[in-house]
Amino acid sequence: MKKLVLSDLHVTLGGKMVEFAGYKMPVQYADGVKIEHQTVRDAVGVFDVSHMGEVFISGDKALDFLQYITTNDVKKLTPGKIQYTCFPNAKGGIVDDLLLYMITENKYLIVINASNIEKDLAWLNKHNTFGCKFDNQSDNYSLLAVQGPKSIELLQKLTYVDLSEIKYYNFKVGTIAGIENIILSRTGYTGEIGFELYVKNKDAKQLWNALFTTSIVMKPIGLAARDTLRLEKGFCLYGNDINDTISPIEAGLGWITKFSKKFINHEQLKIQKEGGISRKLVGLQLIDKGIARKDYPIFDVDGNQIGVVTSGTMSPTLNKAIAMAYIAKELTKVGSEVYIKVRKKQIKAEVVALPFVK
């Protein structure tokens with residue numbers, strides 16, 4: 001079990017530590033999930049997501065390699081820009097979803113899910129007929145996500161970089177709180193304004209302390225609120241809503257699947273996109289009392305099983321139970337009525353448009 005560089009600090013702050021993706025991670029702090037969630041929606045919070053993997057890819061044919069191994073169109077990137085994309089496998093599923101950063105013409109950074117680091121590296125090496133070099137820096141970087149409507153105001157007090165000039169899915173390398181060479185990335189998985197800060201491990205505590213010494217009131221945020229925040233926005237979580245058996249088309253990720261190029265399994269995915277799919281990821285809002293959880297079965301009005309829940313929670317913003325699920329395509333129209341089996345009860349729910357919170 002790996003420890004975050006700031007693990008002891010999280011314990012001191014009252015963080016409840018749990019096992020997640022091979023790490024001990026803070027799932028919540030003393031204030032609880034609802035307060036943490038609302039803090040990010042209303043003000044600003046900071047997440048320690050240093051478990052994520054960082055791998056630099058370089059080489060004269062790095063662009064060609066990434067075009068082949070990812071679904072999005074890498075040619076649209078220029079230095080300082082970022083793409084959300086995925087690695088498709090040969091069977092129609094997804095090896096992993098990731099962020100792709102263009103550093104320079106022949107150098108890129110991929111940010112991958114912690115539980116998939118070894119799998120992803122093996123996948124990269126398996127398909128590297130392009131002479132690329134991989135530099136896995138996952139154990140040398142910490143990652144702090146500063147998220148919420150006051151995130152720019154907070155960070156601007158610590159840096160001379162004009163944060164208002166960094167557009168969504170763009171980044172700059174700069175100095176924050178006297179710490180040089182931090183990657184300031186205008187990204188995050190909460191649906192709020194925010195930045196993800198990539199910092200060397202030796203400087204992680206200094207950066208954390210600097211964030212909490214500004215005049216902006218903020219709170220540390222745990223994994224539980226991170227999950228409720230991303231779910232309200234309809235963002236997929238690898239291992240729940242996407243995996244090795246679910247295609248990007250089924251997951252509603254056609255927008256990152258570009259058929260203007262050839263990539264792994266592009267023929268099958270193109271057929272799927274043009275010919276239709278039998279199941280689709282949808283949002284569900286529960287009508288009856290209850291909370292849907294991962295793997296709960298879903299039925300139609302006649303009692304036929306037509307799908308399964310992939311993620312579910314009680315939305316702190318809506319104060320309603322919500323879920324994402326794969327169900328048969330014929331019942332994916334907004335307003336369709338379905339039934340989720342919660343323990344021994346059939347709980348009524350309806351299909352709603354994503355995101356749950358606009």
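The values are calculated or read from the model by the stated rules, or taken from the named source; none is laboratory data. Everything numeric here is computed off the predicted structure, so don't read it as measured data. Note: ideal-geometry Cβ built from the backbone for every residue, glycine included; neighbour counts use all protein chains shown.
Can you tell me which residue is surrounded by the most Cβ atoms within 10 Å (Cβ to Cβ) among those in the range 339-358 that are without any contact (Cβ under 8 Å) to a residue 60 or more places away in the chain and either closer than 22 Å to ASP302 by Cβ or in the same structural domain as LYS289 (by TED's automatic domain parsing) (or both)?
ILE340
Starting from the range 62-79, keep only residues that are of a type in the set (Phe, Trp, Tyr), then list their pairs with residues that are surrounded by 20 or more Cβ atoms within 10 Å (Cβ to Cβ) whose Cβ atoms are within a distance under 8 Å, requiring at least 6 positions of separation or different chains.
Filtered contacts from the range 62-79: PHE65/ILE57; PHE65/CYS132; TYR68/PHE263.
In this structure, is ASP203 buried (at least 19 other Cβ atoms within 10 Å of the Cβ) and assigned by TED's automatic domain parsing to the domain that holds LYS16?
Criteria met by ASP203.
As an exercise: evaluate ILE291 against (1) touching a helix residue (DSSP H, G or I) at 6+ places or on another chain (Cβ under 9 Å); (2) of a type outside the set (Phe, Trp, Tyr); (3) not in a strand (DSSP E or B) and give the number of the one condition it does not meet.
(1)
Which one of the conditions (1) touching an Asp or Glu at 6+ places or on another chain (Cβ under 7 Å); (2) more than 20 Å from ALA328 (Cβ to Cβ) does SER311 fail to meet, given that it meets all the rest?
Here SER311 clears every test but (2).
If I filter the range 258-296 down to residues being assigned by TED's automatic domain parsing to the domain that holds VAL309 and in contact (Cβ under 8 Å) with a residue 60 or more places away in the chain, which single residue comes out as farthest from the chain's Cα centre (by Cα)?
Result: ASP288.
Report the residue count in the range 160-181 for those that are closer than 21 Å to MET218 by Cα and buried (at least 18 other Cβ atoms within 10 Å of the Cβ).
4
Scan the range 190-201 and give yes if some residue there is assigned to a helix (DSSP H, G or I), closer than 15 Å to VAL49 by Cα and touching a residue at least 24 places away in the same chain (Cβ under 8 Å), otherwise no.
Looking for residues that are assigned to a helix (DSSP H, G or I), closer than 15 Å to VAL49 by Cα and touching a residue at least 24 places away in the same chain (Cβ under 8 Å), one finds at least one in the range 190-201, hence yes.
Specify which of the listed residues (ILE94, ILE112) is in contact with a helix residue (DSSP H, G or I) (Cβ under 7 Å, 6 or more places away or on another chain) and under 30 Å from ILE271 (Cα atoms).
Matching residue, one of ILE94, ILE112: ILE112.
Test GLY234 against the stated conditions and say whether it is under 17 Å from ASN89 (Cβ atoms), small (Gly, Ala, Ser), surrounded by fewer than 22 Cβ atoms within 10 Å (Cβ to Cβ) and in contact (Cβ under 8 Å) with a residue 12 or more places away in the chain.
Values: under 17 Å from ASN89 (Cβ atoms): no; small (Gly, Ala, Ser): yes; surrounded by fewer than 22 Cβ atoms within 10 Å (Cβ to Cβ): yes; in contact (Cβ under 8 Å) with a residue 12 or more places away in the chain: yes.
Criteria not met by GLY234.
Take the range 105-146 and flag every residue that is among the aromatic types (Phe, Trp, Tyr) and farther than 21 Å from TYR84 by Cβ. Quick ask: steps written out before the conclusion?
Step one: list which residues in the range 105-146 are among the aromatic types (Phe, Trp, Tyr), which gives 108, 123, 130, 134, 141.
PHE130 - this is the single residue of the range 105-146 that is among the aromatic types (Phe, Trp, Tyr) and farther than 21 Å from TYR84 by Cβ.
Being polar (S, T, N, Q), more than 12 Å from LEU144 (Cα to Cα) and part of a loop (DSSP other than H, G, I, E, B) is the requirement here; does THR187 meet it?
No; evaluated as a whole, the condition is false for this residue.
Of the residues GLY335, GLY276, which is loosely packed, with under 14 Cβ neighbours inside 10 Å, at pLDDT below 95 and not polar (S, T, N, Q)?
It is GLY276.
Pick from the range 116-171 the residues that are free of Cβ contacts under 8 Å to residues at least 12 places away in the same chain and assigned to a helix (DSSP H, G or I): which of them is farthest from ALA21 (Cα to Cα)?
Among residues in the range 116-171 that are free of Cβ contacts under 8 Å to residues at least 12 places away in the same chain and assigned to a helix (DSSP H, G or I), the one farthest from ALA21 (Cα to Cα) is GLU165.
Looking only at strands (runs of 3 or more DSSP E) that lie completely in the range 11-101, which have at least 2 residues being surrounded by 18 or more Cβ atoms within 10 Å (Cβ to Cβ) and either in contact with a Ser or Thr (Cβ under 6 Å, 6 or more places away or on another chain) or at pLDDT 95 or above (or both)?
Counting at least 2 such residues, we get 23-28, 45-48, 53-58, 82-88.
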